[in-house]
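The values are calculated or read from the model by the stated rules, or taken from the named source; none is laboratory data. Nothing here was measured: the structure is a model prediction, and the numbers come from that model. No Cβ is skipped: glycine too gets one built from the backbone with ideal geometry, and neighbour counts run over all protein chains shown. Heads up: the accessible areas ignore ligands, DNA and RNA and are worked out on the full protein's heavy atoms, side chains in. Shrake-Rupley method; radii C 1.70, N 1.55, O 1.52, S 1.80 Å.
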Amino acid sequence: MRSYKVLTFGCQMNEHDSEKISGVLAAEGLASARDVEDADLVLVNTCSIREKAEQKFYSELGKLRLLKEKHPSLVIAVSGCIAQQEGDRILKRAPFVDIIFGNQNIKDLPGLLSSLDAKRPEALTEFPEGYEHFILPAERRGSVASFVNIMYGCNNYCSYCVVPYVRGRERSRRPDDIVREVESLVASGVREVTLLGQNVNSYGMGLDNKDGGVCNFPELLRLVDSIDGLLRIRFVTSHPKDLSDSLVEAMATLPKVCENIHLPLQSASDNMLLAMNRRYGFLEYMDKIGRLRAEMSDMALSTDIIVGFPGETEEDYDNTVAALRDIRYDSIFPFKYSRRPNTKALTLSGHIPEDIKAARLDEIIRIQNEITEEKNRARVGRVEEVLVEGQDRSGTPGRLSGRSRGGKVVNFEGDVSLVGTLVDVRITEGKKHSLMGEIVQR
Ligand code: SF4
């Protein structure tokens, strides 16, 4: 076996897991194939957060079955949250799959590959203790901006969410381990890190002195902020119930921490928030937004919204629409509620018909698109600090792309030698999903 292709579905956590899968395969001497047709091994890293993601996965498997009929030596592997959740049941629907392993078993991939012919496929979905099995070489896609896991799993059990079942209980990584990883990334040219966790705001729970010292999330930000050569820090995701004043202060005062937060609201109805087991009310959420904006008036905000949660009335939904108009997020990730195995929400009464969920979703997408475009247009004439990440998507020589501190994509003309540096860019046009601009002298 000489080459591999990893197909990734889902969130940044999955993207980073795929980087580790690629790192493990590269260490085994396999080369990355340009596409699935050229690969000896195709690995699908799956997401089960919504029913639609699961449907997409099975449709992808259907295409791979056809490819395997043409090339019987092709090895097909499935990893990630569906692998963890479904295990051997995947083989019933797709007996042509050769390897199945969960999020926590990436390090076992070489062993699974070497025993391929010896036995019938059997899902490996163990939950080892600790987190050391997650620390693996990664083939990172970006040379300027990188992900760094600071914790794994989740303890929150929001009633619609499978994450605690497929990624296990929350475990924080030692702060000295995290600092070492960021330092080595910086030495290799990385200038921005995004610290990853299901709920970074509860980072440090359970750490003690034998784990390299007690450390909460604002303290971790301070440690990372002091690393020479690093230019920017982002993080995702923040649970609103755990967003503390000390985090707001750290964000406002640490120069490398970007004024950009993803703070999932889900719904602006207290009834829905209670049924979702989110453990905050809408007023508490608004109070936290107020504190963030009081300290950082130009704070960029994004959120997740679920429409059509069981029992959601027109009034509940209208409250969410009113909140979107009031808060004016920079962007949102809206979803229709979808039934997920093992979750408490499955047992709730008042499931909403599909057509009503779809109509609510369409409306909030339309409303938010207008807000996003207005906010992007309002930035015209302003000068944004941009970290240059590379050529723009068109690949045209002399066209560069980067992100503002608020996380917006900014495209502009400039020399490729600027990649990895901060430049000031005057915004000349605000588009739906990006900004255009021109470099001004620093
Ligand atoms: S905080 Fe809630 S929504 Fe987020 S991963 Fe944990 S259980 Fe899921």
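Ordered by packing density, taken as the mean number of other Cβ atoms within 10 Å over each peptide's residues, highest first, how do 386-399, 68-81 rank?
Values: 386-399: 15.7, 68-81: 18.3.
Sorting 386-399, 68-81 by mean packing, highest first, produces 68-81, 386-399.
Post the alpha-carbon centroid distance, region 31-55 to region 292-356, in whole angstrom.
29 Å
Given the peptides 52-60, 192-200, arrange them by the average over their residues of other C-beta atoms within 10 Å, most packed first.
The densest-packed peptide leads the list: 192-200, 52-60.
Heavy atoms only, 1.4 Å probe, whole protein assembly: order H16, H262 by accessible area, highest first.
Details: H16 5, H262 25 Å².
Putting H16, H262 in descending order of accessible area: H262, H16.
Probe 1.4 Å, all protein chains in place: accessible area of L346 in Å², nearest 10?
70 Å²
For the chain, what class follows from the C-alpha gyration tensor (a ≥ b ≥ c being the square roots of its eigenvalues): rounded when a/c is under 1.5, otherwise prolate if a/b is larger than b/c, else oblate?
Here the chain falls in the rounded category.
Please give the charge dipole size of the chain, origin at the Cα centre, charges +1 on K and R Cβ atoms and -1 on D and E Cβ atoms. Round to the nearest 20 debye.
600 debye
Per-residue ellipticity at 222 nm for the chain, helices alone: DSSP H runs ≥ 4 residues times -39500 (n - 2.57), over residue total, nearest 500 deg cm²/dmol?
Taken over the chain, the calculation gives -10000 deg cm²/dmol.
Sort by residue number and name the cysteines in the chain that have no neighbouring cysteine Cβ under 4.7 Å.
Lone cysteines by the Cβ rule: C11, C47, C81, C154, C215, C258.
For the residue pair R89 and S73, what label-to-label distance in nm results when each label sits 7 Å from Cα along the Cα-to-beta-carbon direction?
3.6 nm
Please work out the average accessible area per residue across the chain, using the 1.4 Å probe convention, and give it in Å².
Values: 19780 Å² over 442 residues.
Dividing the accessible area of the chain by its residue count gives 45 Å².
At 1.4 Å probe size, with the rest of the protein present, what percent of the exposed accessible area of region 1-142 is carbon and sulfur atoms?
Working: 3320 of 7010 Å².
Solvent-exposed carbon and sulfur of region 1-142 make up 47 percent of the total.
Please work out how much length the chain gains when fully extended from H351 to D318, using 0.36 nm per residue of separation minus the C-alpha to C-alpha distance, in nm with one decimal.
10.1 nm
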